[in-house]
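Colleague: My structure is below; once you've seen it, I'll send some questions.
Just so it is clear, none of the values below were taken in a lab; they were calculated from the coordinates. All of these numbers come straight from a predicted model, not from anything done at the bench. Quick reminder, even Gly has a Cβ in these numbers, built from the backbone with ideal geometry, and neighbours come from all protein chains shown.
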Amino acid sequence: MMKEDAVGGRRARKVRGRGRVAVLVWALSWLVIVGSIGGVVFGMVWADDPSDTSRVSGALAWVALMGAVFRFHLGLGLLVMCAAAVLARARMAAVVMGLMAVVLLGERGVMYSPWRGDTGVGRDLRVMSVNLLYGRGDPDRLMAQIEDEDPDVVLIQEFTPDLEGRFAEMMGERYGYSVMRARTDAFGVAVFSRYGFVGEPEVWRGDHGGFVPIVECMLDVEGRKVGVWDVHVVPPTSIGWVIEQRSHIAAIAERVDARFARGDLDGIVVGGDFNAVSGSNHVREIRASAGGLVEAHAVVGVGAGSTWAARGKRSWFPGIRIDNVFVGGGLVPVRSVVGEGIGSDHYPVVVDVRFYE
């Protein structure tokens with residue numbers, strides 16, 4: 001009898017232990033559900049005001065940006081939690097998390113639809129954008145892709161002084177026009193073009209007091225004037241830089257509006273490293289600016305189009321697309337692809353555009 005009582009006691013303790021685990025999983029599941037819904041909704045509805053430079057506003061903007069950047073990763077996490085809830089028999093929580101995972105993962109899934117991709121029509125301009133990671137990208141590997149893709153314009157970010165001579169020689173035969181603004185930090189930029197410049201390219205930092213240069217060129221593309229901008233926005237690694245990032249992007253949008261107000265543009269291409277995904281509120285002002293700018297990959301790209309991270313342990317995880325090419329005015333995107341790694345932590349982006357007829 002005593003032996004049977006001991007066995008029964010162990011079983012009872014095991015059942016109680018399982019019950020505690022189930023309750024913990026249930027509570028954690030609903031906490032994840034509430035937090036996930038709140039984060040996703042906040043990222044969608046947050047009315048970002050770049051003129052508000054308070055740290056509170058910057059912190060809220062960072063939360064909204066992270067909610068937009070990591071939607072797919074959140075979907076993967078919800079899928080794992082859904083499986084845990086199923087094992088714990090928290091059926092309602094499992095259903096809710098499963099549905100949320102389907103929605104968040106499905107956003108990327110539709111990017112693989114067979115009707116997306118190269119439209120099959122000809123191009124008027126091909127643009128490549130690439131971040132060289134403080135000049136650590138391999139110029140020879142980059143040149144191999146340039147020879148393969150044959151872009152008309154190459155936009156480079158994180159262009160350092162030690163690259164100037166090499167690129168002047170390497171790109172000189174292929175591109176007759178260039179502007180190089182090398183820096184020892186991460187914000188040097190360069191533009192190489194097959195088409196001639198209309199006037200002198202402008203290098204500006206905006207009216208917001210920022211320190212990051214933008215190269216603005218106007219090209220003569222078969223008799224049409226096309227604005228081509230090389231952009232590198234600061235990363236959101238601190239609240240102060242989030243505030244700077246918002247102001248920087250707002251200045252770009254204002255500048256786009258001003259250029260179209262002059263009435264001398266037939267089209268515009270704004271490309272580079274935005275350190276933000278195209279669907280985030282951070283770049284909403286660019287999408288809403290004059291000229292009806294659209295992000296090329298969102299329109300004609302196939303798949304996730306992730307451009308970061310291309311090296312290191314972070315490359316083991318699903319990537320994000322923070323290198324974007326926005327197209328507007330009289331131009332429309334007809335092709336958008338991500339290139340192969342060149343030793344940088346960013347992949348190159350190649351976009352074809354044509355004039356809207």
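Colleague: Pull up all non-local amide H partners of Thr307: gap of 5 or more, or a different chain, and H-to-H distance under 5 Å with H placed in the peptide plane.
Modeller: Ile320, Arg321, Ile322, Asp323
Colleague: Can you run phi through the Karplus equation (6.51, -1.76, 1.60; θ = phi - 60°) for segment 346-357 and list ³J(HN,Hα) in whole Hz, with x for Gly and Pro?
Modeller: Calculated HN-Hα couplings, in order: 10, 8, x, 10, 10, 10, 9, 10, 9, 6, 6, 9 Hz.
Colleague: Between the helical axis of 2-45 and the dominant principal axis of the chain, each derived from Cα atoms, what acute angle in degrees is found, rounded to the nearest 10?
Modeller: Taking Cα atoms only, the helix is inclined about 30 degrees.
Colleague: Give me the net charge for the shell around Val269: Cβ to Cβ below 13 angstrom, other residues only, Lys and Arg +1, Asp and Glu -1. Present the calculation step by step, with values, prior to reporting the outcome.
Modeller: Details: positive: Arg123, Arg126, Arg224, Lys225, Arg259, Arg354; negative: Asp124, Asp152, Glu216, Asp230, Asp266, Glu295, Asp352.
Here the charged neighbours net out to -1.
Colleague: Specify the inter-centroid distance of segment 314-357 and segment 242-264, based on alpha-carbon positions, in whole Å.
Modeller: Cα centroid to Cα centroid, the span is 21 Å.
Colleague: At a threshold of 8 angstrom on Cα-Cα distance, excluding pairs fewer than six apart, so keeping six or more, what relative contact order does the chain reach in percent?
Modeller: Values: 713 pairs, mean separation 64.0, N = 357.
It rounds to 18 percent for the chain.
Colleague: Helix 71-87 against the longest principal axis of the chain: what's the angle in degrees, Cα atoms only, rounded to the nearest 10?
Modeller: So the helix axis and the longest Cα principal axis differ by about 10 degrees.
Colleague: Sort largest first and round to whole Å: the equivalent ellipsoid semi-axes of segment 136-244, each the square root of five times a Cα gyration tensor eigenvalue.
Modeller: On the way: eigenvalues 122, 71, 27 Å².
Gyration-tensor ellipsoid for segment 136-244: 25, 19, 12 Å.
Colleague: If you look at just the Cα atoms of segment 207-295, how large are its Rg and its Dmax in Å?
Modeller: So, for segment 207-295, Rg and Dmax equal 13.2, 45 Å respectively.
Colleague: Could you derive backbone 3J(HN,Hα) for segment 226-239 from the dihedral phi with the Karplus parameters 6.51, -1.76 and 1.60 (θ = phi - 60°), listing whole Hz in sequence and x where the residue is Gly or Pro?
Modeller: For segment 226-239, the Karplus curve yields 10, x, 10, 10, 10, 10, 9, 9, 4, x, x, 8, 8, 4 Hz.
Colleague: Right, here's the next one. Using only Cα atoms, what Kirkwood radius does the chain have, in angstroms?
Modeller: It works out to 22.2 Å.
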